Amino acid sequence: MLTRLLPRSNFGQTVLLIGCLLLINQLVSYVSMSIYVIRPSTQQINQLLARQVELLFRDLELDRTRLTVVDALRDKLEDDDYMEVFTQPEARKNGLSMARRYYVLSDQMSQYLGGDAEVRISAGEQFLIWIRPPQAPSVWLRVPLTGFDESKISPLTIYLMVIGALSVAGGWWFARQQSRPLRRLQRAALAVSRGKFPDPLPLKGPAEVVAVIQAFNQMSRSMKQLETDRQLLLAGVSHDLRTPLTRIRLASEMMGDQDSFLKEGIEHDIDDMNQIIDQFIEFVRGNPAEELTEHSLDQLLQEAAQQESLRHTEVKLELGQVPAISLPLVAMKRVLANLIENGIRYGGGDLKLSSGFDDQWVWFSVADNGPGIPPQKIEALFEPFTQGDTARGSVGSGLGLAIVKRVVDSEGGRVELANRSHGGLKATVWLPR
């Protein structure tokens, strides 16, 4: 249970560690100040008061003319505004019952005066020290603490507050400096995972973090070079393949009418091969940098439905008045075109395009009326060169959904496939608002 409450990030753990060390330091400072500063001061004050009490009663022993000790003490203190004398009832009326007894001070006073003494302190507009001397147990002496104002913040409190504030600020700055290169590395790693290669990260931070950043920069450069080589290789292969395909098409155009059936088959195969080559190039290119523009998914779906109607495909629209968001328009059109093409090719020709949104996401879906896909094979459809079962045919390269997933992932979204309850497959694309 305790481990769930502890922070898991490096920044949070560092702040927690510094906070615990700061708390321990504050406690040690407070105890040290109490033992080595405050306690000696109180002992010195208590000792001075004990000497005054002892001198007061020593002078009192020379004069036995008074009837009571209280009268004799008041006579001695007639010109003294510093110390007052009270009997037990008078002391209670003047606030003795509200005073708090301090056992440590009482024990010290007893040692200084050589008998059982009691010390109490009352707080109010002014701090008052009450002393019951062993020479006269029925008498209470009251001494005000002048120059002591409780409303003022003590130097110790100011010291602890300043040290605490500086420690917290320093700990926060230190933790932030430690976590900043890690956050930068996290953002760069996410960009690389989406097919984008950022500039090399600056080598800043602790030695261990710098070593990790160096390794990441090297990895990023290698992956970027590998991606460039792959694109160049596929571009060369596609170019070399298109040249003989063009010659075959020209040759087919020269065939006579008696070979029209064979000619149509050859042209159809050439079109399929060109489409496969285009998909290869599209997959290898990934999702190149494209400027984001404000656009509504509803408008994209409407445009796609109009285009498919020209191909005599029945498309049903259920639009949810989706607000416009920033998105790469060309890439999203490619995603929608691939999903529609799959739906037409494998789903019986009729499609349903829907859209909607919530607080965090906007979405659109393409649903067909085909036989669907076995649930255990749905996730595998996103892998390159993977197709569904034989019921959905074997035409194409198996890259359509892989391209869709790569584009959607690069925009921070997700794509889901699910079989419809009454038959068919539904592809839903979620994009962050």
On the given criteria, is residue 113 hydrophobic (A, V, I, L, M, F, W, C), surrounded by 15 or more Cβ atoms within 10 Å (Cβ to Cβ) and either without any contact (Cβ under 8 Å) to a residue 60 or more places away in the chain or more than 20 Å from residue 42 (Cβ to Cβ) (or both)?
no
Looking across segment 281-324 at residues that are over 28 Å from residue 360 (Cβ atoms) and among the acidic types (Asp, Glu), the single one that is modelled with the lowest pLDDT is 282
If you take the residues of segment 349-394 that are assigned to a loop (DSSP other than H, G, I, E, B) and open to solvent by 70 Å² or more (accessible area, probe 1.4 Å), which of them is modelled with the lowest pLDDT?
394
What number of residues within segment 418-433 satisfy the criterion of being open to solvent by less than 60 Å² (accessible area, probe 1.4 Å) and assigned to a loop (DSSP other than H, G, I, E, B)?
3
Give the residue that is modelled with the lowest pLDDT, with candidates limited to residues of segment 147-190 that are charged (D, E, K, R) and within 25 Å of the chain's Cα centre (by Cα).
176
Give the residue, chosen from 195, 171, that is touching a residue at least 60 places away in the same chain (Cβ under 8 Å) and in a helix (DSSP H, G or I).
171
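The values are calculated or read from the model by the stated rules, or taken from the named source; none is laboratory data. Quick caveat: nothing in here was measured; it's all calculated off a predicted structure. Every residue, glycine among them, receives a Cβ derived from its backbone with ideal geometry; neighbour counts consider all protein chains shown. We work out accessible area using only protein heavy atoms, side chains counted, and drop any ligands, DNA or RNA first. Shrake-Rupley method; radii C 1.70, N 1.55, O 1.52, S 1.80 Å.
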